[in-house]
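What follows is a short report on a single structure.
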Amino acid sequence: MIVSLDAEVRRGSELHILCQVPVEQRIERLRDGGFDAAELKNLSLVHHVGNSANRKTLEALPIDRFTSVIITADQAHEDDVMASDSHTLATLLLVRDIQRVLGVHNA
C-alpha cells in the first residue's frame, strides 16, 4: 500500500503511520516484508507510536494538516473480528470528531 501511495502523491508528501508497534520493530517488519523506505520517490514516512483508538494520542497528531486519513485494521486484533472492527470504528469516530473540533472540512 505504501508503494502504491508513493506512485500517486506529489513529491514531498508525508505518510504518518500510527500504531502500537515500536518504531524500530515496525521498520524491521516492513523490511522483512520486502519494503525499503529508501526506494520511495515522493513520500517520506513519519512514525508515531500509540493506540489509534485513544483520543489524546490522535490529538497529538497534526490532523489539521492531513489531506486524507486511511484507517486499517489493527494486526493485534486479527484473531477477533469484532474487536478489530470496534477498534477501527472507534478510531474513525475519534478522527472525525477531532476534525470537527479543529474545523477541518471532510470530503
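Remarks
- Subset of the range 89-99 that is open to solvent by less than 40 Å² (accessible area, probe 1.4 Å) and of a type in the set (A, V, I, L, M, F, W, C) - its residue that is farthest from R26 (Cα to Cα): I98
- Those residues of the range 45-88 which are basic (K, R) and open to solvent by 90 Å² or more (accessible area, probe 1.4 Å), in sequence order: K56, R65
- Selection over the range 47-58 of residues that are more than 17 Å from E14 (Cβ to Cβ), touching a helix residue (DSSP H, G or I) at 6+ places or on another chain (Cβ under 6 Å) and part of a helix (DSSP H, G or I) gives a count of 1.
- Residue in the range 10-26 that is free of Cβ contacts under 8 Å to residues at least 60 places away in the same chain, in a helix (DSSP H, G or I) and either of a type in the set (G, A, S) or touching a helix residue (DSSP H, G or I) at 6+ places or on another chain (Cβ under 9 Å) (or both) present: no
- The range 27-83: number of residues that are under 14 Å from the mean Cα position of the chain (by Cα) and under 29 Å from H105 (Cα atoms): 29
- Boolean, D97 is at pLDDT below 95 and among the acidic types (D, E): no
- Restricting the first member to the range 75-96 and to residues that are under 26 Å from R65 (Cα atoms), and the second to residues that are open to solvent by 50 Å² or more (accessible area, probe 1.4 Å) and in a helix (DSSP H, G or I), the beta-carbon pairs closer than 8 Å and six or more apart or on different chains are H87/H77; L94/R55.
- Among residues of the range 7-41, those that are open to solvent by less than 50 Å² (accessible area, probe 1.4 Å), of a type outside the set (A, V, I, L, M) and under 20 Å from I63 (Cα atoms), counted: 3
- If you filter the range 59-107 down to residues that are charged (D, E, K, R) and part of a helix (DSSP H, G or I), you find that the one that is farthest from Q20 (Cα to Cα) is R100.
The values are calculated or read from the model by the stated rules, or taken from the named source; none is laboratory data. Note that the structure is a prediction, hence the values are computed from the model and not measured. Using ideal geometry, Cβ is built from the backbone for each residue, glycine included, and neighbour counts are taken over all protein chains shown. These accessible areas exclude ligands, DNA and RNA; they are computed on the full protein's heavy atoms, side chains included. Shrake-Rupley method; radii C 1.70, N 1.55, O 1.52, S 1.80 Å.
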